[in-house]
Amino acid sequence: MNLALALPLSKASRQQRFLRIVTATVLAAVMSAPLLAAPAKAALPLNAADRPSTTLSTAVRQVYMGQPQLNGDPTVGGLLKAELGGYAPFVIPEGGTPSFAYKWTRDGQTVPGATGSTYRATSADLGRVIAVFVTVSYDAESRLTLQADYPLRIAAKPRARGFNGDDTLDIFARDTAGRLLLYPTDGRGNWRSPQVLGTGWNVFNTLFSPGDFDGDGTVDVIGRDAQGRLFLYQGNGTGGWKKAFQIGQGWQNFRTVSAAGDFNGDGSNDLIVVDPWYQAILYPGNGRGGFLQPYGVDTYWVNNDPVFTVGHFGGKNSLGIVSRIYGRLTLREASRSGRLDGGSSDIGWGFDGFPFVGSAGDFNGDGTVDIFSVDTAGRLTMYYNKGSDFMTSGQPGIRWSGQSVVGWGWGGFTAVF
């Protein structure tokens with residue numbers, strides 16, 4: 001045994017031995033660890049042409065968007081809108097401002113030049129299915145395209161397009177002498193000079209305009225006489241007539257006969273009647289001045305005259321029909337499926353004292369269909385519809401932005417529509 005090794009170590013020797021042990025341990029750990037790259041030197045600024053593409057860092061971003069909606073007025077001359085539904089677009093990871101692009105199609109084919117968020121239907125769209133695709137983009141690699149719900153078949157020109165071809169509101173009136181007069185407007189709440197459209201119209205106990213009923217692109221008038229015969233008067237699109245002919249008989253027992261717009265979504269305007277047992281019956285138009293097979297749409301529709309269509313009253317693509325029930329105006333909405341499958345709500349009260357209540361289009365030019373009334377003093381009052389604004393007003397029952405008297409001396413008329 002080497003006795004020198006057993007002797008106690010001095011303090012300096014102990015420190016040297018400890019350092020040798022630590023050093024050996026660190027070297028062993030380093031040798032067994034994975035190799036690490038040396039720290040990179042700071043990169044010099046690159047020229048624009050040498051900079052790497054930023055799309056590599058954004059290619060994995062996910063874009064989300066609520067299902068868009070196709071709303072508005074799906075009729076010839078009507079304005080359609082692609083609106084964002086559900087939730088607002090966003091991207092993960094966050095960053096950037098979204099941009100939107102739109103593509104409108106007709107029966108599956110792109111409509112040239114239709115790249116905005118709105119589209120106004122033309123005569124070329126009659127009976128065709130219009131759809132819109134919405135694309136939201138954050139950069140070249142981060143985008144999402146969705147088709148808006150739901151594609152819509154464009155219906156014939158409605159009553160709201162007017163009678164004289166300028167696509168503004170006109171009101172028909174019949175005086176006690178049996179003359180039919182037209183009161184046109186300029187589309188901005190001002191009247192133009194009235195004109196006489198014909199005489200001998202006092203043979204009819206019901207008069208209304210169904211819009212374009214024969215598919216020729218112009219607004220027409222329908223009358224029912226005391227014998228129950230139904231006559232179509234074809235408008236010529238310039239404030240006059242083409243010809244008139246009988247389109248039905250046996251209609252004398254119906255409580256009301258009125259326009260229903262394109263109620264079944266086939267592109268043609270229809271009529272709706274209420275029979276003696278208060279059943280609402282649809283007479284679908286065939287687009288040529290005649291009818292398809294009628295059928296019931298409501299089993300007990302209590303109302304008193306009138307019943308009239310207000311088109312796409314709430315700014316959506318559903319169709320609205322208004323009836324007066326004990327002084328209340330009740331709006332029934334339908335999805336153009338041929339059924340009253342939408343909601344029902346009261347939109348006005350105190351209308352029991354008015355000889356005439358109806359709708360002829362947009363009076364003040366704000367893009368929404370308005371309602372008018374004539375009181376016993378002969379005042380013509382216009383009620384201005386909020387359109388889709390009522391949906392965000394916080395008060396869904398408030399559908400009006402105001403009202404005003406827009407005419408006097410209307411008490412002498414025997415029909416106003």
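The values are calculated or read from the model by the stated rules, or taken from the named source; none is laboratory data. On a predicted model such as this, the values are computed, not experimentally measured, just so you know. Cβ coordinates were reconstructed from backbone atoms using ideal geometry, including for glycine residues, and neighbour counts include every protein chain displayed. Ligands, DNA and RNA are stripped out before the accessible areas are found, and what is left, the full protein with its side chains, is counted by its heavy atoms. Shrake-Rupley method; radii C 1.70, N 1.55, O 1.52, S 1.80 Å.
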* **Fraction of accessible area attributable to carbon and sulfur, region 167-224 (%, probe 1.4 Å)** => 43
* Structure fact -> Everything considered on the Cα gyration tensor (a ≥ b ≥ c; rounded for a/c under 1.5, else prolate if a/b is larger than b/c, else oblate), region 204-363 must be described as rounded
* Taking square-rooted eigenvalues a ≥ b ≥ c of the alpha carbon gyration tensor, is region 65-122 rounded, prolate or oblate, where a/c under 1.5 means rounded and, failing that, a/b exceeding b/c means prolate? -> prolate
* Structure fact -> Site TRP408, offset 7 angstrom along Cα→Cβ, radius 19 Å on amide nitrogen, limited to region 175-195, gives 190-194
* Asked: Any idea what Rg and Dmax come out to for region 317-417 if you just take the C-alpha atoms, in Å?
  -> 14.1, 41
* Asked: Per residue, how many Å² of accessible area does region 176-230 show with a 1.4 Å probe?
  -> 40
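Can you figure out the FRET efficiency of SER345 with GLU141, using R₀ = 60 Å and their beta-carbon distance, to the nearest 0.05?
That gives a FRET efficiency of 0.80.
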* Using R₀ = 22 Å, calculate the FRET efficiency as 1/(1 + (r/R₀)^6) where r is the Cβ-Cβ separation of TYR64 and SER117; round to 0.05. => 0.70
* Structure fact -> Taking the alpha-carbon centre of each part, the distance from region 313-374 to region 131-170 in Å is 23
* In nm, spacing of pseudo-spin labels at ASN286 and ASP366 (7 Å Cα→C-beta vector) -> 4.3
* **Table column - 3J(HN,Hα) (Hz), region 66-76, Karplus curve with 6.51, -1.76, 1.60, x for Gly and Pro** => x, 4, x, 10, 9, 10, x, 10, x, 10, 4
* Based on the mean of other beta carbon atoms within 10 Å per residue, what is the order of 90-97, 271-278, most packed first? -> 271-278, 90-97
* Asked: THR299 to TYR278: extension gain in nm, 0.36 nm per residue of separation minus the Cα-Cα distance?
  -> 6.8 nm
* Phi-based couplings in Hz for region 228-244 (Karplus 6.51, -1.76, 1.60; Gly and Pro marked x) -> x, 8, 10, 10, 9, 10, 7, x, 9, x, 10, x, x, 10, 8, 7, 10
* Inter-site label distance for VAL203 and ASP175 at 7 Å from Cα along Cβ, in nm -> 2.1
* Asked: Cα to Cα, under 15 Å, and not fewer than 8 places away if on the same chain: which aspartates and glutamates meet these conditions relative to LYS242?
  -> ASP212, ASP214, ASP216, ASP220
* Pull out a ≥ b ≥ c, the square roots of the eigenvalues of the alpha-carbon gyration tensor of region 107-202, then state rounded if a/c is under 1.5, prolate if not and a/b is larger than b/c, and oblate in the remaining case. => prolate
* For ILE398 and PHE245 in the same chain, what is the full-extension length gain: residue separation times 0.36 nm, less their Cα-Cα distance, in nm? -> 50.8 nm
